[in-house]
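Student: Shown below is the structure under consideration.
The values are calculated or read from the model by the stated rules, or taken from the named source; none is laboratory data. Note that the structure is a prediction, hence the values are computed from the model and not measured. Positions of Cβ are backbone-derived with ideal geometry, glycine not excepted, and every protein chain shown enters the neighbour counts.
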């Protein structure tokens with residue numbers, strides 16, 4: 001019997017990143033997590049997207065995780081989140097991606113999890129049009145960014161990181177998190193005042 005042909009997909013938009021590391025996150029350049037372990041994740045705001053003939057425009061997905069050490073060392077626990085406004089076919093497509101079955105960054109992350117829970121369907125409020133994006137997903141996720149200040153002059157600074165081989169994002173603005181909380185049965189933390197970043201993403205698969 002011939003195997004089923006994988007579904008072609010594409011999504012692009014803005015990814016919002018936050019974790020427990022210091023500003024800049026040494027993991028971006030293959031360093032160790034600032035505290036020895038990684039607790040954080042991503043919200044992807046899909047500006048344009050398709051899964052086969054199915055449109056995914058305007059939807060949001062998230063993946064929030066807890067690894068006992070560096071990400072690549074595995075044994076992580078994660079929960080995935082999907083925009084509750086997605087219709088049933090869109091939910092199935094986004095779940096397929098978050099499970100890592102269609103390639104993209106999620107296929108790599110899936111190899112680092114000993115447990116992947118969800119998806120949880122939540123009502124997202126994502127403000128990606130302002131200079132500093134904001135995420136609110138019901139009572140599960142809150143991300144509010146703030147600029148990093150020079151400790152001497154107290155002036156705002158605007159660092160960026162360029163990652164030609166980056167898995168999630170190739171270039172991003174580096175900021176801090178004024179508030180970053182995740183409240184889930186499997187993943188729960190408050191890392192307000194730590195690392196934040198945001199930038200454009202574009203992925204294709206399979």
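Student: Consider segment 177-191. How many of its residues are surrounded by fewer than 20 Cβ atoms within 10 Å (Cβ to Cβ), assigned to a strand (DSSP E or B) and touching a residue at least 60 places away in the same chain (Cβ under 8 Å)?
Tutor: The number of residues fulfilling the criteria is 1.
Student: Applying the selection to segment 192-206, what residues are at pLDDT 95 or above and either assigned to a loop (DSSP other than H, G, I, E, B) or touching a helix residue (DSSP H, G or I) at 6+ places or on another chain (Cβ under 7 Å) (or both)?
Tutor: Within segment 192-206, 192, 193, 194, 203 meet the criteria.
Student: Among the candidates 164, 159, 105, 133, single out the residue that is in contact (Cβ under 8 Å) with a residue 24 or more places away in the chain and either within 26 Å of residue 205 (Cα to Cα) or in contact with a helix residue (DSSP H, G or I) (Cβ under 6 Å, 6 or more places away or on another chain) (or both). Show your work before the answer.
Tutor: Numbers: 164 fails: in contact (Cβ under 8 Å) with a residue 24 or more places away in the chain; 159 fails: either within 26 Å of residue 205 (Cα to Cα) or in contact with a helix residue (DSSP H, G or I) (Cβ under 6 Å, 6 or more places away or on another chain) (or both); 133 fails: either within 26 Å of residue 205 (Cα to Cα) or in contact with a helix residue (DSSP H, G or I) (Cβ under 6 Å, 6 or more places away or on another chain) (or both).
Step by step, each of 164, 159, 105, 133 is checked, and only 105 is in contact (Cβ under 8 Å) with a residue 24 or more places away in the chain and either within 26 Å of residue 205 (Cα to Cα) or in contact with a helix residue (DSSP H, G or I) (Cβ under 6 Å, 6 or more places away or on another chain) (or both).
Student: Then there is this: When you go through 167, 97, 116 one by one, which is the residue that is within 27 Å of residue 68 (Cα to Cα) and part of a loop (DSSP other than H, G, I, E, B)?
Tutor: None of the other options fit; the residue is 167.
Student: Restricting the search to segment 124-150, which residues are at pLDDT below 95 and part of a loop (DSSP other than H, G, I, E, B)?
Tutor: The answer is 128, 129, 130, 131, 132, 133, 138, 139.
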